[in-house]
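Encoded as structure tokens, the structure appears first; notes follow it.
No lab work stands behind these numbers, since they all come straight from the coordinates. If you're wondering where the values come from, they're calculated on a predicted model, not measured in any experiment. Cβ sites come from the backbone with ideal geometry, for glycine too, and all protein chains shown count toward neighbours.
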Amino acid sequence: MGIEEISSVTSKDRIILYLSDFTQVADRYELPSELTQESIANRTGIKRKHLPQYLKDLISENLVILRKAHITGMKQRMNGYYLSPRGHAKSEGMRRTLGAIVVPVRFQNETLEMRIDKIDEATSAHITFCDIVTEAVVNGCLEMVSLESIEKRRIAVLKVRDEATEAYRKALATAWRDGKVTATERFLIDQLRETLRITDEKHRSLECEILSTLAEDHMEFRRIYRNVLEIALADGQLEGPEADILKSLRRMLRISSEEHRAMQKDLEFELFGPQRKSDAGLRAQK
């Protein structure tokens with residue numbers, strides 16, 4: 001009877017149980033990475049595609065709070081989820097009820113009847129209520145060897161996920177290297193994202209990070225090119241080898257012809273004043 005009882009715990013209740021292990025986070029500037037959608041799905045065994053609806057329901061029921069915040073280990077702000085005071089009150093009742101349930105736990109050579117709130121004490125690893133319920137739901141039984149390997153399995157999954165994320169980051173950065181993504185590149189990126197199981201949230205975070213870096217790099221490239229252009233314009237001539245060098249530099253620094261012409265116009269005004277015409281000895285590169 002015990003296994004059936006905990007196996008019937010709903011997905012939303014598993015989310016509440018999982019989040020109940022995180023207290024005093026409401027006032028924290030930075031939220032732990034365990035409170036993102038990706039982590040919640042991984043730790044509760046809930047399919048990623050169903051999780052947003054469950055969270056939406058819990059938020060509407062005033063059991064869970066959603067906050068966009070800085071997340072540990074993430075450069076971009078992301079959605080974080082934690083229990084409201086009402087959610088914590090419900091989780092306490094759930095933990096009392098579940099804790100008193102007696103279930104069979106298989107050891108190597110025997111099966112013992114144990115209260116759920118005593119299982120963690122019998123393991124060599126830390127096991128949460130959510131871990132126990134998730135194991136019962138996914139496997140239909142509780143085995144001590146499986147319970148004790150939860151953390152090791154979790155680390156292995158995270159390692160594979162980190163490797164997939166890094167591979168995806170490199171592919172995304174390559175697609176954005178010239179400041180834009182073609183339709184073909186977008187199609188290939190979407191295919192890779194599906195293959196590597198990169199969530200929409202993770203994709204948006206990585207893309208924002210890459211675009212921010214590109215924007216910072218481009219500002220620095222503009223500064224470098226402007227300095228070189230100013231030196232080239234100082235003698236009033238912009239032709240021959242100087243023009244060729246500037247053209248090559250524009251390609252390397254991804255400076256557009258429009259940006260070049262705007263910089264040249266500004267610099268001519270600074271160097272020669274409003275009376276100086278660009279076509280009087282200075283030939284802009286198209």
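Brief remarks follow.
- Across ILE132, ILE101, ILE16, mean-square fluctuation computed from a Gaussian network of the chain (C-alpha pairs under 10 Å connected) peaks at ILE101.
- Within the listed set SER248, SER124, SER11, the Gaussian network model of the chain (springs between alpha-carbon atoms below 10 Å) gives the highest mean-square fluctuation for SER248.
- Ranking of ILE119, ILE155 by count of other Cβ atoms within 10 Å, fewest first: ILE155, ILE119
- Gyration tensor verdict on region 159-198 (Cα atoms; rounded if a/c is under 1.5, prolate if a/b is larger than b/c, oblate otherwise): oblate
- Estimated from helical segments only, the mean residue ellipticity of the chain at 222 nm is -19000 deg cm²/dmol, where each DSSP H run of four or more residues counts as -39500 (n - 2.57).
- Bridge type composition, region 8-99 - antiparallel percent by DSSP, nearest 5: 75 percent
- The modelled label-to-label distance for the pair ILE59/GLU121, using points 7 Å beyond Cα in the direction of Cβ, is 4.0 nm.
- Cross-link check: pairs LYS56/LYS152; LYS90/LYS202; LYS47/LYS90; LYS12/LYS49; LYS118/LYS202 evaluated at a Cα-Cα cut-off of 25 Å; pairs beyond the cut-off: LYS56/LYS152; LYS90/LYS202; LYS118/LYS202.
- Gaussian network model of the chain, springs between alpha carbon atoms under 10 Å - residue of ARG197, ARG223, ARG177 with greatest fluctuation: ARG223
- Secondary structure note: in the chain, about 75% of the DSSP beta bridges are antiparallel.
- Residue list for region 188-207, given a label point 7 angstrom along the Cα-to-Cβ vector of ALA173 and an amide N cut-off under 15 Å: 206-207
- Proxy reagent accessibility, fewest Cβ within 10 Å first, across ILE6, ILE231: ILE231, ILE6
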